[in-house]
Structures are given as structure tokens and as C-alpha cells.
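Read the structure below first, then the notes.
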């Protein structure tokens, strides 16, 4: 029987990647006097991934990568207000309202009487805590974990810390790489809810997913019914 | 009787602020074609503090503030390689070796047979975890907590999570604001070990410290003897 349902946050409970898409488009526009939009988009992707080893995930990392893209986009000099405009994008994103996905509130309300709900989110501690407290749904979660990476070892640490056996645990998320594969690897259950905006870096190679057992739902609104069916099957 | 000793990390166990001082000097040098060093230093301080609300603590925040300082330092255009040079400072700092302060290793070795040691560090999750794992002393700590802020409420959460009564807990650190005042506020014991490089933002107003009870040591090497004396006094 499942007793704890853990949720990823960004693009599982609330919108996130769409903000990054908008920021990317805005960067391309800001740098259009220097480079084609395609060049900017490609270069930013490349710099972001290569900077993960230095900066980790999150909006500050993304902003430093936008600045690095700008420095590479120009030959010679860059307008100071171009730099300021990029910093403004970051501050606007950090102050943006948290927009819950459809079904989020209802699904949490339906599940919380029967399960202990947990939030497991990857990224920048300060930024994620800010979003959690502004989301208006933080009270639904009995446990909240912000982690730097979502690896099998880190999930095992979380389970150990909260004295949870993996058989009692189910993880829900939009990233096969971060929310599904590591949980299945440690013998747990996972429910994949794809989001059209998932960051390309979160999409694993096809061969890493082949044969991996997990269930897929279209949206979070289907989770309560899925849980009911699962409990009947496990009974 | 004290059972758990918690340590701050940056500038308590290892050097940190000195890296920021060097970076600040380097920024002043990089921006010297545009502004006086004093202007750069003052402006950076100002921008850093005003950016805390957006970015929180840590090296990525500091780097974004250096970039913002650069954008304000110039009128009109800035050399792209000036921006690149600032980003290089950040990457060098993030890759820098962790330099333990004198006495750190010895004090931890002397204390760890008799106490459960905990690390409580504020800042960027990814960055702090990287430093902890590179420090070579992570195995000394039974518990490690990276937090976004060090407030009385957050210390209470940590104590609750680990089922620690405040009477059994002692906190050691170099920041009156983050390591000493909040612990005394929740009825706990704290040992202050000043560090000449402590960031000005960590220094509280004089009136906030008046009448507050804590002990002060010159360096971490004195802590084992201090603990022995404290245990005799509490006995």
C-alpha cells in the first residue's frame, strides 16, 4: 500500500519552463542587433549545459548563462543597457507569481486526506523556497525537500531520513530523468505526467527508458482515480 | 549536558570571505578604466545588499551583483571581454580548493568522539554541497543542513527535525547575526569565534548584541578545552 505521494514542483504542480521560454525569446530579441535568434537559442542551450557543472540548476545559473551568451554574441563592445535588460529579465522572473497548473489544487485536496504528501524539488534553495511559500499550496505538504540533484542516492537519503520504505512511496513528476528513472532504479513506483514545456536536458536517451516500468497520466486531475485503482490492484 | 555541537562552515571551518575580497579587488581592477576603485567597492556593496531579496546568498548572487556593478560603472558601452573576465572570476571561485582554517581538523577530531557534530551552513545549496564534499572533513559530521537563511524559526525547525532539545545543543560560528543571536533567542548556547574577514552584512547593530549572552573564543583550537570547562560547570 502506498502511504506517501511525492511530487515534483516545477512543471508538475506549477508552470516554470514557459517562463524560461519567454526569457529565451526576449534574450534573442535583445541580442538581435548582434546575432540571429537561432544562433542565440543554440548558444544559450550550449552554455547552459556546460555551466551546470559550475552553477547547478535554477534561475541565477540561467541568468549567468544569458550574460555569457550576450558576451559571446557581440564582437568588441556591448551596450551597458543590454546587460541591464538581461538582469531585469531575471528579477522579473524571480518576482513572478507562481501559476499553478490546472488540476493541481483539486488533486492535492483529494489526495491529502488519504496520503502524506511530499514535495521534492531540484534547484536553487532560496528560489525554490520562495516559490513554495508563494504557491499557496505549501500547507498541503507534510514534508518538503529541496535538493541539488535528483539521483537514486539522493532519493534513498530522503527515504531514509523520513523512515519511509520504498514500497510505501510513489513519485509523480514531469521529468523522466529526474522524477521517474531514479525512483524505478531504487525499486519504487513513479507516475509520469508529461508537460509540453519540459526542458530538453530533462529528457533522457531513448535507451535509458526502454523496459523501465512506470505509469503515465495526461494530467494531475487523473491521479486520485489512478491511486484508487492502484490500491485495489495492490490489495 | 551538551550532546550536539553545530558549526557554521564559511569562515568558521574554512576560508571564504577572503575569496570575495580578492574578487572585489579584481573587479575594481577590471573596471578601473571606467571608475575609481572606491566607487566600485561602494557600489558593489550597495547592489549586493539590495539584491539579497531577489537572489539570496552565495557566489552566483555575488556574480550577478558584480555584473550589475559593471553595467552601472560604464556610460554607454562595455567591452565584452570585461564581462567575460567577471564571469571567469566566478568560475575560478567555484572551482577553488576549500582551504581549512588553522585548528579546524584537530578540533573536529578531538570533539567527535564525545559529541555528535552538525554542520549548519547558509547559502546556495549546490555551491555549499560542493564545498562540503571537497573539504575533506564531511565525514566528521553526523548531520548536515544547508539553509537559505539562519533565523530562530529555521534553527527551531532543524532541532525539531533531528529531535534535539535546545539544552543539548551548542552552535559555533563567526557571524553574530547568523550563528549567535538566533540561537540565544531560542534559549540555546552559542560560541562566537570572530574572523577578521566577516562580511559587513553579517555584523549586527550594536544594540542587537547588548546584553546577549554568549561566549567568545579566539580560534577553534580552544573549543575542546572550552567544552570540557563547560561540562564541568554544568555538572
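I need the fraction of alpha carbon pairs in segment A:127-235 separated by more than 22 Å, rounded to a whole percent.
38
Looking at the square roots a ≥ b ≥ c of the eigenvalues of the Cα gyration tensor of segment B:8-50, which shape do they give, rounded for a/c under 1.5, prolate if a/b is larger than b/c, or oblate?
Verdict is oblate for segment B:8-50.
Which distances in nm, rounded to one decimal and ordered from shortest, link the label point of residue B:77 to the equivalent label points in the other identical copies, with labels set 7 Å from Cα toward Cβ?
0.4
Label residue B:106 and residue B:22 with points 7 Å out from Cα along Cα→Cβ: what is the distance between them in nm?
Calculated label separation equals 2.5 nm.
For a Förster distance of 51 Å, can you work out the FRET efficiency between the beta-carbons of residue B:215 and residue A:36, rounded to the nearest 0.05?
Details: r = 63 Å, r/R0 = 1.24.
The computed FRET efficiency comes out at 0.20.
Between segment B:155-172 and segment A:53-100, what's the alpha-carbon centroid distance in Å?
Comparing the Cα centres of segment B:155-172 and segment A:53-100, I get a distance of 39 Å.
Helix-only mean residue ellipticity at 222 nm, the protein assembly as shown, DSSP H runs n ≥ 4 weighted -39,500 (n - 2.57), per residue, nearest 500. What is it?
After summing the helix terms and dividing by residue count, I get -14500 deg cm²/dmol.
Once you put a point 7 Å from the Cα of residue A:167 and another 7 Å from the Cα of residue B:15, both along the Cβ direction, what distance in nm separates them?
5.4
So, in Å, what gap is there between the alpha-carbon centers of segment A:3-28 and segment A:202-228?
18
Scale the Cα Rg of segment A:85-183 by the rule-of-thumb value 2.2 N^0.38 Å and send over the ratio, two decimals.
That ratio works out to 1.18.
Please give the helix A:37-55 orientation as an angle from the longest Cα principal axis of chain A, in degrees from 0 to 90, rounded to the nearest 10.
That works out to roughly 60 degrees.
Is there a simple number for the mean count of other chain Cβ atoms within 10 Å of the Cβ of residues in A:90-99, and what is it?
2
Give me the number: length gained by fully extending residue B:139 to residue B:186, i.e. 0.36 nm times residue separation minus the C-alpha to C-alpha distance, one decimal in nm.
Stretched out fully, the residue B:139 to residue B:186 stretch lengthens by 14.1 nm.
Please compute the alpha carbon radius of gyration of segment A:26-101, then divide it by the globular-protein estimate 2.2 N^0.38 Å. Two decimals is fine.
Compared with the compact-globule rule of thumb, segment A:26-101 sits at 1.12.
Compute the relative contact order of chain B as a whole-number percentage, counting only Cα pairs closer than 8 Å that sit 6 or more residues apart in sequence.
Rounded, it is 26 percent for chain B.
Can you list, shortest first in nanometers, how far residue B:205 lies from the same residue in the other copies, with each label 7 Å from Cα toward Cβ?
5.9
Using the Cα atoms as the points, what is the convex hull volume per residue of the protein assembly as shown in Å³? Walk me through the intermediate numbers first.
Details: hull volume 74.1 nm³, N = 470.
Taking the convex hull of the Cα positions in the protein assembly as shown, it is 158 Å³ per residue.
Computed from the coordinates by the stated procedures, all read-outs in this text should not be read as laboratory data. No experiment lies behind these values; they were computed from the predicted model shown. Note that we place each Cβ from the backbone using ideal geometry, even for glycine, and neighbour counts take in every protein chain shown.
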